[in-house]
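Written out below as structure tokens is the structure these notes cover.
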Amino acid sequence: MAKMPQVIPHMFKSFEILSGDGKSIGTVRLSKYDIGSSRHEEIVKDKIKVVEDENRVLSISVIDGDVLRMYPKWEYTMTVTPMATQGGEQSCLVKLAVEYEKRDEDVPTPTDYVLFLALQEFCWHFKKLKPSK
């Protein structure tokens, strides 16, 4: 994840681990990023709540940052299920479940944030993205 600002610089501005080892329960991370059409920098501080390697489950709770102004509760869980295709190739089904509360009924559905989270967590845990040349 620390390399995400180099891989996708128009989206990720910086990333740091504030406490923990970056992959275990209790780890606190700080990200700066641009999302959506507004393209203004936002920050998010989150904490890893659940890591189940056997079940391939990761749960994270946002504990500080811009997203909490509109969504005072923001938690998400990613589950990866390995699958075999008919051709014998390996594949995975990735599910992202987001639990949030809107500040009020005028706050829009957080589509941009959900898409950003999916990309961020996929890259963080699977490290498949490589810089394009």
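The values are calculated or read from the model by the stated rules, or taken from the named source; none is laboratory data. Keep in mind it's a predicted model, so treat the numbers as computed, not measured. Please note: Cβ atoms are built from the backbone with ideal geometry, for glycine as well, and neighbour counts cover all protein chains shown. Accessible surface areas use protein heavy atoms only, side chains included; no ligands, DNA or RNA. Shrake-Rupley method; radii C 1.70, N 1.55, O 1.52, S 1.80 Å.
Observations, loosely collected:
- Among the residues of region 39-70, those identified as touching a Leu at 6+ places or on another chain (Cβ under 9 Å) and aliphatic (A, V, I, L, M) are Ile43, Val44, Ile48, Val50, Val51, Ile60, Val62.
- Residue in region 72-88 that is outside any loop (DSSP other than H, G, I, E, B), among the basic types (Lys, Arg) and open to solvent by less than 60 Å² (accessible area, probe 1.4 Å) present: yes
- Some residue of region 21-32 being modelled with pLDDT of 65 or more and within 14 Å of Phe116 (Cα to Cα): yes
- Residues (in contact with a strand residue (DSSP E or B) (Cβ under 8 Å, 6 or more places away or on another chain) and open to solvent by 80 Å² or more (accessible area, probe 1.4 Å)) located in region 90-117: Gln90, Lys95, Glu99, Glu101
- Failed criterion for Lys47 (all others in (1) at pLDDT 90 or above; (2) closer than 22 Å to Arg103 by Cβ; (3) surrounded by fewer than 16 Cβ atoms within 10 Å (Cβ to Cβ) hold): (3)
- Filtered residues of region 89-104 (kept if among the hydroxyl-bearing types (Ser, Thr, Tyr) and either over 16 Å from Ser61 (Cβ atoms) or not in a strand (DSSP E or B) (or both)): Ser91
- Test: Glu101 is within 16 Å of Phe15 (Cα to Cα), touching a residue at least 12 places away in the same chain (Cβ under 8 Å) and not small (Gly, Ala, Ser): no
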